[in-house]
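No value in this document is a laboratory result; all are computed from the given coordinates. None of these values were measured; they are calculated from a predicted model. Cβ coordinates were reconstructed from backbone atoms using ideal geometry, including for glycine residues, and neighbour counts include every protein chain displayed.
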Amino acid sequence: MQQRTALITGATSGIGLATAQLFAQHNIKLILCGRRQERLQKIAAELNEYTQIHTLSFDVRDKKTVFDLLGSLPDAFSEIDILINNAGNAHGLDPIQEGSTSDWDAMLDINVKGLLYVSKAVLPKMLERKQGHIINIGSTAGKEVYPKGNVYCASKHAVDAINQGMRLDLNGTGIKVGVVNPGLVATEFSEVRFKGDTSRAENVYKGFTPLQAKDIAEVIWFAVTRPPHVNIADLTVMCLDQASSTIVNKR
Ligand code: NDP
Ligand code: 8X3
């Protein structure tokens, strides 16, 4: 098979990083994105032994930069076969009446609008080439709402709707669209949600065996290695100890 190129947003940690590592080991050419330039450089240096890497440091909220950077990729990286729309986070865990408007803005601007900007920037070339694969990273929070999850859950329900909308509108174009919805995964996610409160973040994953970022990367790899006629449309992945957003078998 011809070498494929993947663009991964949020490749500086967690699920995006684990996916970059796995894709690199399979010789997928990589465009790695995130805001933290130093991390991108370090990751590129580590993965360069496996494949060609191009790094792009930008905030997915910055519409102009998204279109400028993705519209001027070097020739060797300009034909994107796989887009992993992964960048995102929860900000805060508060009842709606106490929520911070800047947290709400961050979640809707990053998780929803950022995903839209990146997709719109990548799609024209995929349409021209009549091929491509978009994997949106949703969440169990996009399937059910949990107490204090309000706006984060809304952002992930939006990802679910956008994923369905993309699949409907791109039907017949040769582009695959699917969503992977993880349950609890031990990454930097809770550290970001709790604004650097590491002990509160660690507590989220205590008393049970959560998913690891690599578990989700392996599911993504499965999705991108199906035969041309097979599209993994919607997959939810939880650890054995999790039954729903609120039912977790903690010991
Ligand atoms: P991490 O916090 O480990 O990773 C988040 C990634 O998103 C980082 O690489 C970060 O890079 C990037 N990112 C965040 N904000 C921006 C921004 N404004 N612009 C560009 N990049 C940004 O969390 P996860 O790996 O867990 O999260 C990845 C995805 O998985 C998210 O969409 C999350 O909602 C989803 N998810 C996570 C679950 C979990 O339990 N961990 C469960 C279900 C879904 P940088 O800071 O360098 O910009
Ligand atoms: C992340 C999973 O349950 O923390 O999307 O919202 S949860």
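Some points to look at:
- Positive-end ranking of N85, I28, N150 along the dipole of the chain, with charges on Cβ about the Cα centre, is headed by I28.
- Taking only the C-alpha atoms of segment 5-237, the Rg (one decimal) and the largest Cα-Cα distance, Dmax (whole number), read 16.9, 50 Å.
- Student exercise, segment 5-237 dipole from Lys, Arg, Asp, Glu Cβ charges, in Debye to nearest 20: 280
- Cα-centred dipole magnitude for segment 1-54, charges only on beta-carbon of K, R (+1) and D, E (-1), debye, nearest 20: 160
- Stretching S199 away from S102 to a fully extended chain increases their span by 32.6 nm, per 0.36 nm per residue minus the current alpha-carbon distance.
- For the listed peptides 43-54, 14-25, 108-119, a ranking on the average number of other beta carbons within 10 Å per residue, highest first, reads 14-25, 108-119, 43-54.
- Burial order of peptide ranges 189-200, 223-234, 125-136, 76-87 (average beta-carbon count within 10 Å, highest first): 76-87, 125-136, 189-200, 223-234
- Here the dipole of segment 140-189 is about 60 debye; that uses its Cα centre as origin and unit charges on the Cβ of Lys and Arg (positive) and Asp and Glu (negative).
- q = 0.20, 0.21 Å⁻¹, segment 114-251: log10 I(q)/I(0) [Debye, one scatterer per Cα]: -1.24, -1.32
- Computed E for L240/A45 - FRET, C-beta separation, R0 41 angstrom, nearest 0.05: 0.70
- Distances between every pair of Cα atoms in segment 4-112, grouped in 5 Å steps from 0 to the bin holding the largest one, split as 2, 12, 22, 22, 17, 10, 7, 4, 2, 1, 0 percent.
- Highest mean first, the peptides 179-187, 164-172 sorted by other C-beta atoms within 10 Å per residue fall in the order 179-187, 164-172.
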